[in-house]
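Let me begin by presenting the structure, written as structure tokens, before commenting on it.
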Amino acid sequence: MARKLTFSTAAMLVIPPLLWAGNAVVGRMVHTLVPPITLNFLRWAIAFLILLPLAGSIFRPGSGLWAYRRRFALLGLLGIGLYNALQYLALQSSTPINVTLVAASMPVWMLAIGRLFFGASVSRTQVAGAALSIAGVLLVLSRGDWQQLLALRLVPGDLFMILATIAWSVYSWLLALPDKDPAALRANWAAFLLAQVAFGVLWSGAFAAGEWAMSAAQIHWSWTLAAALLYVAAGPAVIAFRCWGAGVQRVGPNIAAFFSNLTPLFAALLSSAFLGELPHAYHVAAFALIVGGIILSSRR
């Protein structure tokens with residue numbers, strides 16, 4: 001049962017978009033060193049190795065993993081394999097600003113999927129909160145000039161991002177069903193995440209194999225790439241997924257979805273930091289709109 005949004009839960013849900021924003025910056029820095037879908041497979045393979053000493057006992061008979069293999073295979077497909085693969089495919093034919101704009105529809109998809117398939121109620125305040133949150137994202141993307149949004153054009157990659165957003169929404173709602181998991185795995189965060197990652201590595205590995213089969217993929221190994229892989233595996237993968245899963249279980253997918261819209265704001269701030277630029281006034285206004293959407297949507 002979802003509980004009221006508290007400060008500790010809010011802090012937990014802020015961590016994933018911050019780390020995912022860093023993931024976008026790092027991914028851009030190494031995009032010439034490793035193919036995108038292969039990058040996704042490598043980061044989850046490393047995440048698997050990080051989690052293995054913490055919860056390797058789940059592979060023993062009777063742990064609950066094998067009895068619930070279909071559920072964890074589905075979670076691994078949606079949250080680890082399919083979402084990231086579709087996101088990287090979107091960036092092949094679409095621009096980062098378009099992809100971020102499409103991803104900003106996350107609260108809307110989360111509300112719609114919860115209402116249609118999981119029997120969740122949707123209140124007027126949640127709809128109003130979604131509108132405020134998306135307005136904040138649009139403000140970041142337009143850099144304070146709404147005329148820039150008129151220049152946006154949808155391409156096939158945007159469809160991939162819509163599918164990715166839907167996949168993540170379904171994944172988040174499945175996380176909010178604790179009665180569908182074995183109690184032993186749900187009680188241990190590392191075991192619960194490793195159960196997903198184990199199947200997710202298989203899915204992402206299959207997608208990476210397809211990438212190598214259909215293109216002249218190459219990896220240019222360097223210390224920069226090694227450091228980037230360590231970051232995206234430990235941060236955006238293990239830590240972010242741990243915090244997101246715990247946050248969703250506490251307050252439900254509908255409220256948690258609004259925090260995902262902090263990602264483009266954090267990405268803009270991190271990019272500005274790496275470029276030596278100072279934040280602008282529209283960053284402050286966007287933050288106020290997004291936070292306002294979170295507060296409004298969490299009201300009972």
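Which of Ile166, Leu150, Val232 sits closest to the plus end of the dipole of region 7-297, meaning its Cα is farthest towards the positive end, when Lys and Arg get +1 and Asp and Glu get -1 on the C-beta?
With unit charges placed on the Cβ atoms, the residue in question is Ile166.
Among Ile239, Ile219, Ile50, which one moves the most in a GNM of the chain with springs linking Cα atoms closer than 10 Å?
With Cα springs under 10 Å in the chain, the top fluctuation among Ile239, Ile219, Ile50 is at Ile219.
Under a point spin-label approximation (7 Å from Cα along Cα-to-Cβ), what is the Ala112-His220 distance to one decimal in nm?
According to this spin-label approximation, the distance is 4.1 nm.
Round to a whole angstrom and tell me the spacing of the C-alpha centers of region 183-235 and region 10-26.
Computed from Cα coordinates, the inter-centre distance equals 18 Å.
Could you tell me the calculated FRET efficiency between Asp145 and Ala246, based on Cβ-Cβ distance and R0 = 41 angstrom, to the nearest 0.05?
So the FRET efficiency works out to roughly 0.60.
First check a/c for region 1-74, with a ≥ b ≥ c the square roots of the eigenvalues of its C-alpha gyration tensor; if it is under 1.5, answer rounded, and if not, answer prolate when a/b is larger than b/c or oblate otherwise.
oblate
Before rounding to the nearest 500, sum -39500 (n - 2.57) across all DSSP H runs of length at least 4 in the chain and divide by the residue total; then give [θ] at 222 nm in deg cm²/dmol.
Helix-only estimate at 222 nm: -22500 deg cm²/dmol.
Treat the count of other C-beta atoms within 10 Å as a stand-in for reagent exposure and order His220, His31 from fewest to most.
Listed from fewest to most nearby Cβ atoms, that is His220, His31.
About the Cα centre, and with charges only on the beta carbon of Lys, Arg (+1) and Asp, Glu (-1), how big is the dipole of the chain? Nearest 20 debye, please.
860 debye
Between Gln87, Gln218, Gln249, find the one with the highest GNM mean-square fluctuation for the chain; connect C-alpha pairs within less than 10 Å.
Gln218
7 Å from Cα along Cα→Cβ at both Thr125 and Val284: what's the point-to-point distance in nm?
With each label point 7 Å from Cα toward Cβ, the separation is 2.8 nm.
Ile15: net charge of surrounding residues, Cβ under 14 Å, Lys/Arg +1, Asp/Glu -1, itself excluded?
+2
Mind running the shape call on the chain? Use the C-alpha gyration tensor, a ≥ b ≥ c as the square roots of the eigenvalues: rounded below 1.5 for a/c, prolate if a/b tops b/c, oblate otherwise.
Note, shape of the chain comes out oblate.
I want to make sure I understand the PRE zone here: with the label point 7 angstrom from the Cα of Leu52 toward its beta carbon, which residues in region 198-224 have backbone N atoms less than 15 Å away?
Zone members listed by number: 198-202.
Each value in this text was obtained by applying a stated rule to the coordinates, not by laboratory testing. Please read these numbers as outputs of a predicted model, since none were measured by experiment. Backbone-built Cβ (ideal geometry, glycine too); neighbour counts: all protein chains shown.
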